[in-house]
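See below for the structure under consideration.
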Amino acid sequence: MVNSVAGHWQDGRLRAREEAERLRTDPAAFPGFLHRLLNGRPAWLLILDQFEEVFTPGAEAHRDAFIALLLRAAAEPGCRVIATLRADFQPQVIAHPGLCAVLNGGGSYYVGAPGPLALARMIEGPAQAVGLAVEPALTAQLVSEADREPGGLALLAAALQDTWLAGQDEGTLRLDHYARAVGGIKGVLSRRGRRGLALLWPQGRAALPRVFGQLIHVDAETGAATRRRVPLDRWPPQGSERRLIEVFSRDAVRLLVCGEQGGQATVEVAHEALLREWPRLAVWIRTRREALIRRDEVRRDAARWDERGRPDHLLPHPELLAEVRARLAAAGLWDDLRREERIAWFLAQDDPADLGGLTLEAFRRHGQAGALAALPLLADLTRPGRTWETSEALGHWALGQVPELAAWLRAGLTEVLVLLGHEDALS
């Protein structure tokens, strides 16, 4: 939000990170921020598109702070807030007392599905704005197919793009171009999926569930699948997953969108309709719905465990852990979930091989950061639930690895002893 107004700052020297952190921790600082931003101008119109993303799992960490700031902004006379929200997310808004009060105060306007005339304007207006003509027969055909079709606007946008690609040199979008390139909006996203897979080697096609599995969230109450934005660096640069993302974000496929959030490269599904309209993906989601819900529950539990200092009482019971592992492994979700370091330790078993693999991964990631970086690892390796046999096996295993690993662990243990020498160490 702060970055969006950088070009309008009064002296052109906005310290975005400092301002954002101040607003995040203290919504009461917003009036001062707004005063400096307006600098004599009458008002600021803040538009939030796809406000439903605030209620997705990826936004949990900052949701409360963001909504508090938003409500503070909406209360300011010099600020006007417009937020678009999908109708199926209205229960989440109503469940929030502050947002519910805004709705009860007359702050909502409902937008129904566009009718035939509105659809025709959506088809012809943008084309004409860039100098393209649209054959009337094409407009009539598209309107008849998109009218009252669930997800019709996303399907219509994809169909128009494919039609333009089929005859972009002619300056007119024609029905025969549409018939040849698309054949009907109902299957446009499925055809794009097949087009993308045809551009990949078998190992690239095998990455499809690993990529889309991360880009999907399934609501535990409704069972509805929605998209989620994920950092691009989740996958290695040269891996088959990144190759699939590159192909599926090309204009000819355009099923994924790469962007940036907070200076970090991200990727997300371009059209949520894809989750329903591409049979290959829809079937994959339907047959793994319960496992996808359980996976996101594990993520939330692991985040809570980590935020509270990783206490033992928040760890899953061994029997529950075995059940979760079996369910997620059967759905092909276990290995990918364990790539997240925090979750891997949350799910770690009292097994030397399991803990040894996690230790090597921790050393690879943090070994260059010094002895203090080994302290979280040592805490996880020496939890009360670890048996003596496991600890002894791990010790012998560590001595058999590269000398640098054993030296790093020893240095970490030394730091523990140093800390215990301080009066406040145990606290």
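The values are calculated or read from the model by the stated rules, or taken from the named source; none is laboratory data. Owing to the predicted nature of the structure, the values given are computational and were not obtained by experimental measurement. Note that each Cβ is placed from the backbone with ideal geometry, even for glycine, and that neighbours are counted across all protein chains shown. Calculation scope for accessible area: heavy atoms of the full protein, side chains included, ligands and nucleic acids excluded. Shrake-Rupley method; radii C 1.70, N 1.55, O 1.52, S 1.80 Å.
Over the chain, what percent of the accessible surface lies on carbon and sulfur atoms, probe 1.4 Å?
Result for the chain: 55 percent of the exposed heavy-atom area is carbon or sulfur.
Test of understanding: what is the full-extension gain from Leu314 to Leu372, defined as 0.36 nm times their sequence separation minus their Cα-Cα distance?
18.5 nm
If you build a Gaussian network model of the chain, linking Cα atoms that sit under 10 Å apart, which residue out of Phe346, Phe248, Phe30 swings the most?
Residue with maximal mean-square fluctuation among Phe346, Phe248, Phe30: Phe30.
Considering only protein heavy atoms, with the full assembly of protein chains and a 1.4 angstrom probe, order Cys100, Cys79 by accessible area, largest first.
Numbers: Cys100 30, Cys79 5 Å².
Of Cys100, Cys79, the descending order of accessible area is Cys100, Cys79.
Full extension from Arg86 to Asn3: what is 0.36 nm times the residue separation minus their Cα-Cα distance, to one decimal in nm?
27.4 nm
Starting from the Cα gyration tensor of region 63-112, take the square roots of the eigenvalues, sort them a ≥ b ≥ c, and report rounded, prolate or oblate (rounded when a/c is under 1.5, otherwise prolate if a/b is larger than b/c, else oblate).
oblate
Suppose R0 equals 25 Å; then what is the FRET efficiency for Glu246 and Arg364 from their Cβ-Cβ distance, rounded to the nearest 0.05?
With R0 = 25 Å, the Cβ-Cβ based efficiency is 0.45.
Which value at 222 nm does the chain reach when only helices count, each DSSP H run of 4 or more adding -39,500 (n - 2.57), with the total divided by all residues and rounded to the nearest 500 deg cm²/dmol?
That calculation yields -16000 deg cm²/dmol at 222 nm.
Once fully extended, how much extra length lies between Gln128 and Ala303, figured as 0.36 nm per residue of separation less the alpha-carbon to alpha-carbon distance?
Result: 58.0 nm gained on full extension.
Could you report region 145-304's accessible area per residue, 1.4 Å probe, as an integer in Å²?
Per residue, region 145-304 has 46 Å² of solvent-accessible surface.
FRET efficiency for Arg383 and Leu232, Cβ-Cβ distance as r, R0 = 35 Å, nearest 0.05?
E(calc), rounded to 0.05, equals 0.55.
Pop the C-beta distance of Thr222 and Gln401 into the FRET formula with R0 = 51 Å and round what comes out to the nearest 0.05. Don't skip to the end; give the middle numbers.
On the way: r = 48 Å, r/R0 = 0.94.
The computed FRET efficiency comes out at 0.60.
Which one is right for this structure if semi-axes √(5λ) of the Cα gyration tensor in Å is calculated from it: (i) 55, 22, 19; (ii) 35, 29, 20; (iii) 45, 31, 20?
Checking each listed value against the structure points to (iii).
Using a 7 Å offset from the Cα along the Cα-to-Cβ direction at both His62 and Cys258, what is the distance between the two label points in nm, to one decimal?
2.2
Given the options Leu377, Leu413, Leu328, state which has the largest fluctuation in a GNM of the chain using a 10 Å cut-off (strictly under) for Cα springs.
Most flexible of the set in this elastic network: Leu413.
For a label point 7 Å from the Cα of Thr25 along Cα→C-beta, name the residues of region 55-91 whose backbone N is under 19 Å from it.
Residues 61-70 fall inside that zone.
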